[in-house]
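**Q** Provided herewith is a single structure, encoded as structure tokens, for subsequent inquiry.
The values are calculated or read from the model by the stated rules, or taken from the named source; none is laboratory data. No experiment lies behind these values; they were computed from the predicted model shown. Positions of Cβ are backbone-derived with ideal geometry, glycine not excepted, and every protein chain shown enters the neighbour counts.
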There are 2 protein chains.
Amino acid sequence: MMRDAPATLRIELAERSYGIVIGEGLLDDADILTRYVTARDALVVTNVTVGPLYAERLVEALTGKRVRTLALPDGEQYKTLDVLGRVFDALVEARLNRDACVIALGGGVVGDMAGFAAACYQRGIDFVQVPTTLLAQVDSAVGGKTGINHAGGKNLIGAFHQPRAVISDLATLRSLPPRELRAGLAEVIKYGLVDDAEFLAWIERHVEALLALDMQALGYAVRRSCEIKARIVAADEHEHGQRALLNLGHTFGHAIETATGYGEWLHGEAVAVGMLLAADLSQRMGFLDAKDLERIRILLRRAGLPDTAPRIGATHAFELMGMDKKVLQGRIRLVLLSRLGAGMISGDYPADALQETLRTYFEAAA
Amino acid sequence: MMRDAPATLRIELAERSYGIVIGEGLLDDADILTRYVTARDALVVTNVTVGPLYAERLVEALTGKRVRTLALPDGEQYKTLDVLGRVFDALVEARLNRDACVIALGGGVVGDMAGFAAACYQRGIDFVQVPTTLLAQVDSAVGGKTGINHAGGKNLIGAFHQPRAVISDLATLRSLPPRELRAGLAEVIKYGLVDDAEFLAWIERHVEALLALDMQALGYAVRRSCEIKARIVAADEHEHGQRALLNLGHTFGHAIETATGYGEWLHGEAVAVGMLLAADLSQRMGFLDAKDLERIRILLRRAGLPDTAPRIGATHAFELMGMDKKVLQGRIRLVLLSRLGAGMISGDYPADALQETLRTYFEAAA
């Protein structure tokens, strides 16, 4: 089998800079793994779905190290303080010290929880991300955001904790349920919408190849997504400014996820619809035209993503948006589009226009 | 009543620099409070002992702000993930946003938990320490260490999160149980032992005044302790090197606290005995002479602090020390004294000497 050589990017964050390696078959590549996992002791945190597929191969490739594995239940509904406590228990039970490493093997939930545990254990130990979902490879594994959910909202509790490395094995995407692959594509589309019109056009040309698991197409999509995220994160690690652009669709999306309970809507699905709402509001403000909005809707449909919101009511949605982290001084700042391929952060939109957008998507048609 | 004007120190940590204000009657000094609590919304985290004494006065002095209060159960045994969850619940319930502030009103447990909650909530919001115990005023409120305990060890889970300010009202020490005042004195003595022989001699001259709540003496002891801690923390915020000096007696002390269960021994009491063990080992290595050791023992006794350890056995104590955060690559680094007034960090001590020290203090006399 012909494989492309792994691509390596770097996230530039001074002494916390790190590499992202993207390629096929990295999961049990001892050379690459031991280049980044330098600790003698490690805890692999995975879940009950991914663990049985890959944990043994990963552990065997970490030759000469003392490695334990912890499999968490699978699902966003387990991204809780209680389950986090189990990770702490495992770290203590393994008697891991400050020089140990946590390895996250799985999707965004595993990465967020393992990373948050690593951030807090002994006030911070190393961790390495081995993401096995498209969503994690293009988004959640990169950038240092870690955390858990609270009944009152997603990711309300967490830390910024940069990994030592992100090792993205594209081959693991072959075991990903198609629905999750599609949800990951939503974030890929986000990068195009918010930062790179050319990449957006590339996605439009390759969406079927991506859905068919064409490794070359996936490799490019992951790399380009990470490049965009890396540049933005390097400029604004703690989200004081432009990093918030990466939240396109997320404020609306969080409202959907919170209203329907974690697990019913996948994160990427909620973000897909959320991007459509952001585009709708941008159109009402005159930044996009009807053709742009239609182009987004068609792409989401081709990617197998939803383009309608659950009818939770505009008022309820607005309330749920109010609890979002992006609120400053009671004013909801949103990520909008000034054109396709360019996001902007704004708290300065007509309140009426927002209400119309919310009513259009969240109210039942008469 | 004649009062000294409040003293103000600064912890120099670049953009996270902050002030420590020390004086009588600061707790309801609206000028000073609102200078440091700039947020519109705040959550006061306190406990059921301190809250009824001071929370109302503090809240009233925060004029024009939206302030809620949460009283935690009182005691080290409640410094757990479960109780931390209650702080998160209160933050979410109050719908606090990223620009809100957590105010810790109480001792070290309240400060550690409130600070850790502030570190994690929305990945980090402001917090202000209003310490009401001597231990918190001279040690735990200063320096940015926050966290909770785990059944496997003290402070195993936490974060570095610097407060916006530390406001130490000396008058609150009048309501402190005498045993806790004495426990706080152990940390004051620590600063003398580890960094400042002159201060050590000053403590020897003023120990009775301190125990009698002489406000001038207390003011100087708090200020000098904070000065020493501030300098060391500024040089080494994340404890890569010399900050570990502040752990004199803590590795031994943690073993005592863990073995006896949190709550039986006060932290300062365990540290007092721990310092004696460190001095004992230092003497066996030829750094101190018998007179130095006796001088420490006498000072601890005059301060009403214990000078004998619980008979938990040398092996058990050693094991419990092994889980300490200060372990690197399996070798226990300890803080020793090269002379009175000068600490040193060493992993390079004779294993036999350590075992003799442990046997002397932890084994029952024949």
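**Q** Name the single residue, out of those in region B:214-239 being surrounded by fewer than 18 Cβ atoms within 10 Å (Cβ to Cβ) and more than 19 Å from the chain's Cα centre (by Cα), that is nearest to B:Gly304 (Cα to Cα).
**A** Once the filter is applied, the top-ranked residue is B:Asp214.
**Q** Can A:Leu58 be described as over 13 Å from the mean Cα position of the chain (by Cα) and modelled with pLDDT of 95 or more? Working first, answer last.
**A** Working: over 13 Å from the mean Cα position of the chain (by Cα): yes; modelled with pLDDT of 95 or more: yes.
Taking the combined requirement at face value, the residue satisfies it.
**Q** Let me ask another. Does A:Ile148 meet the test of being closer than 25 Å to A:Ala61 by Cβ, within 14 Å of another protein chain (Cβ to nearest Cβ) and touching a Lys or Arg at 6+ places or on another chain (Cβ under 8 Å)?
**A** Values: closer than 25 Å to A:Ala61 by Cβ: no; within 14 Å of another protein chain (Cβ to nearest Cβ): yes; touching a Lys or Arg at 6+ places or on another chain (Cβ under 8 Å): yes.
Answer is no for this residue.
**Q** Can we say B:Val44 is under 23 Å from B:Asn97 (Cα atoms), of a type outside the set (S, T, N, Q) and not assigned by TED's automatic domain parsing to the domain that holds B:Gln216? Give the steps one after another, and end with the answer.
**A** Details: under 23 Å from B:Asn97 (Cα atoms): yes; of a type outside the set (S, T, N, Q): yes; not assigned by TED's automatic domain parsing to the domain that holds B:Gln216: yes.
Yes; evaluated as a whole, the condition is true for this residue.
**Q** Another question, if that's okay. Starting from residues that are away from every other protein chain (no Cβ under 14 Å) and under 19 Å from A:Leu43 (Cα atoms), keep the ones in region A:66-77 and report whichever is surrounded by the most Cβ atoms within 10 Å (Cβ to Cβ).
**A** From region A:66-77, those away from every other protein chain (no Cβ under 14 Å) are A:67-77; that's our starting set.
Within this subset, residues satisfying the condition of being under 19 Å from A:Leu43 (Cα atoms) are A:67-74.
On the way: A:Val67: 22, A:Arg68: 15, A:Thr69: 17, A:Leu70: 22, A:Ala71: 18, A:Leu72: 24, A:Pro73: 12, A:Asp74: 17.
Per the stated criteria, the residue is A:Leu72.
**Q** A follow-up question, please. Can you tell me which residue among B:Gly75, B:Gly64, B:Gly85 is in the same structural domain as B:Leu27 (by TED's automatic domain parsing), within 20 Å of the chain's Cα centre (by Cα) and of a type in the set (Gly, Ala, Ser)?
**A** Working: B:Gly64 fails: within 20 Å of the chain's Cα centre (by Cα); B:Gly85 fails: within 20 Å of the chain's Cα centre (by Cα).
B:Gly75 is the lone residue from the list that is in the same structural domain as B:Leu27 (by TED's automatic domain parsing), within 20 Å of the chain's Cα centre (by Cα) and of a type in the set (Gly, Ala, Ser).
**Q** Which of the residues that make up region A:322-344 are within 14 Å of chain B (Cβ to nearest Cβ) and modelled with pLDDT of 85 or more? I'd like the intermediate steps shown before the answer.
**A** Step one: list which residues in region A:322-344 are within 14 Å of chain B (Cβ to nearest Cβ), which gives A:322-333.
Hit for region A:322-344 is A:Arg333, nothing else.
**Q** Okay, moving on. Yes or no: region A:139-153 includes at least one residue that is surrounded by 18 or more Cβ atoms within 10 Å (Cβ to Cβ), within 13 Å of the chain's Cα centre (by Cα), under 27 Å from A:Thr34 (Cα atoms) and among the hydrophobic types (A, V, I, L, M, F, W, C).
**A** yes
**Q** On to the next question. Surrounded by fewer than 24 Cβ atoms within 10 Å (Cβ to Cβ) and either more than 7 Å from chain A (Cβ to nearest Cβ) or over 16 Å from the mean Cα position of the chain (by Cα) (or both): does that describe B:Asp112? Even if it seems obvious, please write down each step before you answer.
**A** Values: surrounded by fewer than 24 Cβ atoms within 10 Å (Cβ to Cβ): no; either more than 7 Å from chain A (Cβ to nearest Cβ) or over 16 Å from the mean Cα position of the chain (by Cα) (or both): yes.
It is false that B:Asp112 is surrounded by fewer than 24 Cβ atoms within 10 Å (Cβ to Cβ) and either more than 7 Å from chain A (Cβ to nearest Cβ) or over 16 Å from the mean Cα position of the chain (by Cα) (or both).
**Q** Given the conditions (1) part of a loop (DSSP other than H, G, I, E, B); (2) surrounded by 18 or more Cβ atoms within 10 Å (Cβ to Cβ), report the number of the one that B:Gly286 does not fulfil.
**A** That leaves (2) as the condition not met.
**Q** So, in region A:151-171, of the ones that are within 14 Å of chain B (Cβ to nearest Cβ) and touching a residue at least 60 places away in the same chain (Cβ under 8 Å), which residue ends up farthest from B:Leu81 (Cα to Cα)?
**A** If we filter region A:151-171 for residues that are within 14 Å of chain B (Cβ to nearest Cβ), which is where we start, we get A:151-162.
Now restrict to residues that are touching a residue at least 60 places away in the same chain (Cβ under 8 Å): A:152-157, A:160, A:162.
Values: A:Gly152: 18, A:Gly153: 19, A:Lys154: 19, A:Asn155: 17, A:Leu156: 16, A:Ile157: 13, A:Phe160: 19, A:Gln162: 23 Å.
The selected residue is A:Gln162.
**Q** While we're here: Condition first: within 26 Å of A:Leu246 (Cα to Cα), charged (D, E, K, R) and in the same structural domain as A:Ala30 (by TED's automatic domain parsing). Can you find one or more residues in region A:147-167 that meet it?
**A** Residues of region A:147-167 that are within 26 Å of A:Leu246 (Cα to Cα), as a first pass: A:147-167.
Within this subset, residues satisfying the condition of being charged (D, E, K, R) are A:154, A:164.
Now restrict to residues that are in the same structural domain as A:Ala30 (by TED's automatic domain parsing): A:154, A:164.
The answer is yes; a qualifying residue exists.
**Q** Shifting gears a bit: Evaluate the following for A:Glu208: is it acidic (Asp, Glu), surrounded by fewer than 20 Cβ atoms within 10 Å (Cβ to Cβ) and under 18 Å from the mean Cα position of the chain (by Cα)?
**A** On the way: acidic (Asp, Glu): yes; surrounded by fewer than 20 Cβ atoms within 10 Å (Cβ to Cβ): yes; under 18 Å from the mean Cα position of the chain (by Cα): no.
So A:Glu208 fails the test.
**Q** Now, a different point. Would you please list the contacts, defined by Cβ atoms under 6 Å and residues six or more apart or on different chains, that run from a residue in region A:316-342 that is assigned by TED's automatic domain parsing to the domain that holds A:Gln283 and at positive phi to a residue that is at pLDDT 80 or above and assigned to a helix (DSSP H, G or I)?
**A** Correct list of pairs: A:Gly341/A:Ala197; A:Gly341/A:Leu200.
**Q** Which of the numbered conditions does A:Leu245 fail, given that it passes all the others? Conditions: (1) within 14 Å of chain B (Cβ to nearest Cβ); (2) of a type in the set (A, V, I, L, M, F, W, C); (3) under 16 Å from the mean Cα position of the chain (by Cα).
**A** Every listed condition holds for A:Leu245 apart from (1).
**Q** Which pairs turn up if I take residues in region A:279-292 that are basic (Lys, Arg) and look for partners that are surrounded by fewer than 17 Cβ atoms within 10 Å (Cβ to Cβ) with beta carbon separation below 9 Å, at least 6 apart in sequence or on another chain?
**A** A:Arg284/A:Pro350; A:Arg284/A:Asp352; A:Arg284/A:Ala353; A:Arg284/A:Glu356
**Q** Something else now. The conditions are (1) among the aliphatic types (A, V, I, L, M); (2) within 19 Å of the chain's Cα centre (by Cα); (3) closer than 19 Å to B:Glu363 by Cβ, and B:Ala309 fails exactly one of them. Which is it?
**A** (2) is the only condition that B:Ala309 fails.
**Q** Residue by residue through region B:244-269, note down the ones that are assigned to a loop (DSSP other than H, G, I, E, B), surrounded by fewer than 23 Cβ atoms within 10 Å (Cβ to Cβ) and in contact with a strand residue (DSSP E or B) (Cβ under 9 Å, 6 or more places away or on another chain).
**A** none
**Q** If A:Cys120 satisfies all but one of (1) within 14 Å of chain B (Cβ to nearest Cβ); (2) crowded, with 21+ Cβ neighbours inside 10 Å; (3) over 20 Å from A:Asn149 (Cα atoms), what's the number of the condition it fails?
**A** It fails just one condition, (3).
**Q** Looking at region A:174-194, can you tell me whether even one residue there is surrounded by 21 or more Cβ atoms within 10 Å (Cβ to Cβ) and polar (S, T, N, Q)?
**A** Among the residues of region A:174-194, not one is surrounded by 21 or more Cβ atoms within 10 Å (Cβ to Cβ) and polar (S, T, N, Q), which makes the answer no.
**Q** Across region B:124-160, what is the number of residues that are over 22 Å from B:Lys190 (Cα atoms), part of a loop (DSSP other than H, G, I, E, B) and modelled with pLDDT under 95?
**A** The qualifying residues number 2.
**Q** Ok, one more. Of all residues in region B:289-311, how many are over 15 Å from B:Gly184 (Cα atoms) and crowded, with 20+ Cβ neighbours inside 10 Å?
**A** The total comes to 2.
**Q** Provide a single number: the residues in region B:219-239 that are within 21 Å of B:Ala183 (Cβ to Cβ) and within 14 Å of chain A (Cβ to nearest Cβ).
**A** Number satisfying all stated conditions: 0.
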